[in-house]
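Peer 1: The structure that follows is given in the form of structure tokens.
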Amino acid sequence: MPGSPPPDRGDEIVTVYDADGRITGTAPRSRVYAEGLWHASAGVLLRSIDGDRIYVHRRDPGKAVFAGMHDCLAGGVVDPGETPEVTAARELGEELGVFDVALEPLAYVPWDGEWNGTPLRCHLFAFEGRWDGPIVHQPGEVVAGWWWTVEELRDHLADPSWQFVPDTRALLADTVL
């Protein structure tokens with residue numbers, strides 16, 4: 001229902017920011033989403049070692065935000081005491097079972113969007129990692145995944161009807177994939 005907060009996912013505590021990217025405190029995730037508080041999210045664009053392919057996945061339909069949509073970043077909210085890079089590495093391990101990958105900064109954008117009729121404001125940090133090993137999806141996070149060429153991903157991102165996570169789309173808009 002529009003305007004309703006997403007379902008409670010354990011109501012973890014997340015770091016709250018102001019619009020300029022300064023940390024202002026912490027709050028339960030449910031409050032951050034219900035009130036449209038600024039927070040931060042960090043993720044990893046996983047590229048093959050040769051750089052020719054990017055891992056794309058479909059989010060679980062039970063996710064609190066962007067349920068069932070496609071994404072090319074494994075990521076999540078920045079927890080208290082974490083830097084965006086630490087969050088990105090943690091989320092890559094949790095969602096795709098990929099650990100100990102060197103991460104390079106890729107992009108940053110403050111995103112003032114919405115989800116399900118409610119404001120969703122997030123400082124988005126993207127990193128890039130290279131990997132050709134096994135991928136292990138975390139149940140409840142990822143339901144399917146595959147490797148695409150850069151051109152395949154660009155073609156899909158250019159299609160506004162493709163069900164793709166809008167904050168990642170905004171984050172990658174000015175990057176050279």
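The values are calculated or read from the model by the stated rules, or taken from the named source; none is laboratory data. Everything quoted here is computed from the prediction, not taken from an experiment. Ideal geometry is used to build each Cβ from the backbone, glycine not excepted, and the neighbour counts take in all protein chains shown. With ligands, DNA and RNA removed, areas are computed over all heavy atoms of the protein, side chains included. Shrake-Rupley method; radii C 1.70, N 1.55, O 1.52, S 1.80 Å.
Peer 1: Per the 1.4 Å probe, what fraction of the accessible area of segment 38-177, in percent, lies on carbon and sulfur atoms?
Peer 2: On segment 38-177, the fraction of accessible area on carbon and sulfur atoms equals 54 percent.
Peer 1: Let me ask you something else. Based on Cβ point charges of +1 for Lys and Arg and -1 for Asp and Glu, what charge dipole magnitude is obtained for segment 30-126 about its Cα centre, in debye rounded to the nearest 20?
Peer 2: Here segment 30-126 has a charge dipole of around 280 debye.
Peer 1: A follow-up question, please. I'd like the antiparallel share, as a percent to the nearest 5, of DSSP beta bridges with both residues in the chain.
Peer 2: 75 percent
Peer 1: Could you compute Rg(Cα) / (2.2 N^0.38 Å) for segment 2-95, with N its residue count?
Peer 2: So segment 2-95 has a normalised radius of gyration of 1.16.
Peer 1: Rg (Å, one decimal) plus Dmax (Å, integer) for the alpha carbons of segment 73-177?
Peer 2: For segment 73-177, the Cα-based Rg and Dmax read 14.1, 39 Å.
Peer 1: To the nearest 20 debye, what is the magnitude of the charge dipole of the chain about its Cα centre, counting +1 on the Cβ of each Lys and Arg and -1 on the Cβ of each Asp and Glu?
Peer 2: 300 debye
Peer 1: FRET efficiency for Arg31 and Glu151, Cβ-Cβ distance as r, R0 = 30 Å, nearest 0.05?
Peer 2: So the FRET efficiency works out to roughly 0.15.
Peer 1: Now for a different question. Using the charge dipole of segment 28-177 (Lys, Arg: +1 at Cβ; Asp, Glu: -1 at Cβ; taken about the Cα centre), state which of Leu153, Ala126, Gly76 has its Cα farthest towards the positive end.
Peer 2: Gly76
Peer 1: I would also like to ask the following. Using alpha carbon centroids, what distance separates segment 38-88 and segment 114-177, in Å?
Peer 2: Here the two parts' Cα centres lie 7 Å apart.
Peer 1: Using a 7 Å offset from Cα along Cα-Cβ at Ile23, what residues in segment 120-136 end up with backbone N under 20 Å from the label point?
Peer 2: It comes to 121-127, nothing else.
Peer 1: With a/c under 1.5 counting as rounded, go ahead and sort segment 15-68 into rounded, prolate or oblate using the C-alpha gyration tensor (a ≥ b ≥ c being the square roots of the eigenvalues; past the cut-off, prolate if a/b is larger than b/c, else oblate).
Peer 2: Oblate, because a/c is 1.5 or more while a/b does not exceed b/c.
Peer 1: Ok, one more. Using the Kirkwood formula over every pair of different C-alpha atoms, what hydrodynamic radius in Å results for segment 82-139?
Peer 2: Final number for the Kirkwood radius of segment 82-139 is 13.0 Å.
Peer 1: Okay, next question. If Lys and Arg each add +1 and Asp and Glu each add -1, what is the summed charge of the other residues whose beta carbon sits under 12 Å from the beta carbon of His123?
Peer 2: Its environment carries a net charge of -2.
Peer 1: Now a separate question. Counting residues in segment 118-163 as N, plug N into 2.2 N^0.38 Å and put the Cα Rg over that result.
Peer 2: Rounded to two decimals, the normalised Rg is 1.50.
Peer 1: Based on the inverse mean of 1/r over its pairs of different Cα atoms, what is the Kirkwood hydrodynamic radius of segment 1-160, in Å?
Peer 2: 16.1 Å
Peer 1: For the chain, what does the accessible surface come to per residue with a 1.4 Å probe? Please give it in Å².
Peer 2: I get 47 Å² per residue for the chain.
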